[in-house]
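Let me begin by presenting the structure, written as structure tokens, before commenting on it.
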Amino acid sequence: MLERARNIAKEHAQLTAVLESDFNTKTAKRIGELSRVVTALKEWDAAQSSIAELTSLLESKDAKDEELQELAREELSSTYLSLQSLATTLSASLTPRDPFADMPCMVEIRPGPGGMEGRYFADAVFRMYRLYCSRVGLRTQVVKYELAEGGESGGANESPLQEAVLEIQDAGAYDTFRGEAGMHRVQRIPSTEKSGRTHTSAVAVWVLPSFPENSAADEDINNPDSLFYVNPAEVREDKMRASGAGGQHVNMTESAIRLTHEPTGISVSMQDSRSQHTNRKSAWALLRSRIAQKRREEKEEAAWALRNSVLSKDKITRGNKIRTYNYSQDRCSDHRSGLDVHNLPDVLAGGETLDKILASTKEWLVQRDIQALVAEEEASASAASQNTKKAKR
């Protein structure tokens, strides 16, 4: 791992020297990609150098100043304690950065098993993310908010949510929320329950990259090499009359739009706006995000084949129950990081307790990526060793 980091540092130095005499956008971008490894390696080397100097000072026969030695021992102990954190940072810097990490995102929320209670909790999860974004200053837009027909408001003013899509428009939102994808389980007594029994239901959350609307993005959207590119000739558009709650315009005009990407079968319907143009625009944005996510997952399958031999139990899939919200115990448990927190109302209000959960999930993702990187390095080293043995024969 250290050898890999030093090779990257050499490449960084060479490219920096080239850039000084001949500026090139591609070279500058590559330098930026390598800089986090270089910074982490410098901090690691500085700690190692400090340990060597302090150890030499303590072992020196000329060091007779007791106060100086005590200070050196304290600093040495502190530096040793920081090594684990520096090692994790260096290892994490070597892991491939998520290609969508710097992008905005769309959070899709749909009820899972649990009937109407699942729909009510889906609304609670949707509200949780909106309140969190409001508290930390992230800009949001409700792309879709569709209620189930015939449902009444539940406890805590929850509505029976059929499906919701929340776009979080700030750069880097995908990296913040990517760990939220999966099944969120709730255990609570529904407001309609007469005998006081606890019900268990679930909510499915998807986190998709969202393309920012600017001129550069438009160029990429039209680039066949982009993950977000969709050939309009492969998309079937159906115009429909809106259904469900919505006012007098419902069923009077064909404002609802359904887009179907025929090669993949991915379908998106949108009816939130009275404007057909607005619904079409929102549907295209969501369709591109779903297709980009699918293409990214397909590209990763080959890498996962290797990683799964070591990490199969850790891979996130949409069917995993990643978190449990237990109302009777006032507890929220993340099943990946192992963190248990109390003050469930603060979690659902997007408060600081939710910050702790998001931070623990992000740390779990980092550790998972490090384990995957180590597995790949070990497999590569093993393959090289086998090749060397065969060559000697």
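A compact table of results
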quantity: Residue 343, sole failed condition from (1) at pLDDT 95 or above; (2) open to solvent by less than 40 Å² (accessible area, probe 1.4 Å); calculated: (2)
quantity: Residue 348, sole failed condition from (1) under 24 Å from residue 209 (Cα atoms); (2) aliphatic (A, V, I, L, M); (3) open to solvent by less than 40 Å² (accessible area, probe 1.4 Å); (4) at pLDDT below 75; calculated: (4)
quantity: Among residues of region 177-189, those that are open to solvent by 10 Å² or more (accessible area, probe 1.4 Å), of a type outside the set (S, T, N, Q) and more than 15 Å from the chain's Cα centre (by Cα), counted; calculated: 3
quantity: Evaluation of residue 67 against (1) touching a residue at least 40 places away in the same chain (Cβ under 8 Å); (2) open to solvent by 90 Å² or more (accessible area, probe 1.4 Å) (one fails), failing number; calculated: (1)
quantity: Residue pairs meeting the criteria (Cβ under 6 Å; at least 6 apart or on separate chains; first under 15 Å from residue 180 (Cβ atoms), in region 335-355; second hydroxyl-bearing (Ser, Thr, Tyr)); calculated: 337/360; 337/361; 339/360; 347/353; 350/132; 354/132
quantity: Complete set of residues in region 24-76 that are at pLDDT 85 or above and outside any helix (DSSP H, G or I); calculated: none
quantity: Considering residues of region 256-275 that are part of a loop (DSSP other than H, G, I, E, B) and in contact (Cβ under 8 Å) with a residue 24 or more places away in the chain only, the residue nearest to the chain's Cα centre (by Cα); calculated: 264
quantity: Residues of region 2-50 classified as more than 18 Å from residue 84 (Cβ to Cβ), acidic (Asp, Glu) and free of Cβ contacts under 8 Å to residues at least 12 places away in the same chain, total; calculated: 3
quantity: Flag for residue 79 being at pLDDT below 85 and of a type in the set (S, T, N, Q); calculated: no
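Table: residues versus (1) part of a helix (DSSP H, G or I); (2) within 26 Å of residue 283 (Cα to Cα).
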site	(1), (2)
88	yes, no
99	no, yes
102	no, yes
106	no, yes
123	yes, yes
131	yes, yes
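The values are calculated or read from the model by the stated rules, or taken from the named source; none is laboratory data. Everything quoted here is computed from the prediction, not taken from an experiment. For neighbour counting, all protein chains shown are included, and Cβ atoms are generated from backbone atoms with ideal geometry for every residue, glycine included. For the accessible areas, the whole protein counts, side chains as well, though only heavy atoms, and no ligand, DNA or RNA atoms are used. Shrake-Rupley method; radii C 1.70, N 1.55, O 1.52, S 1.80 Å.
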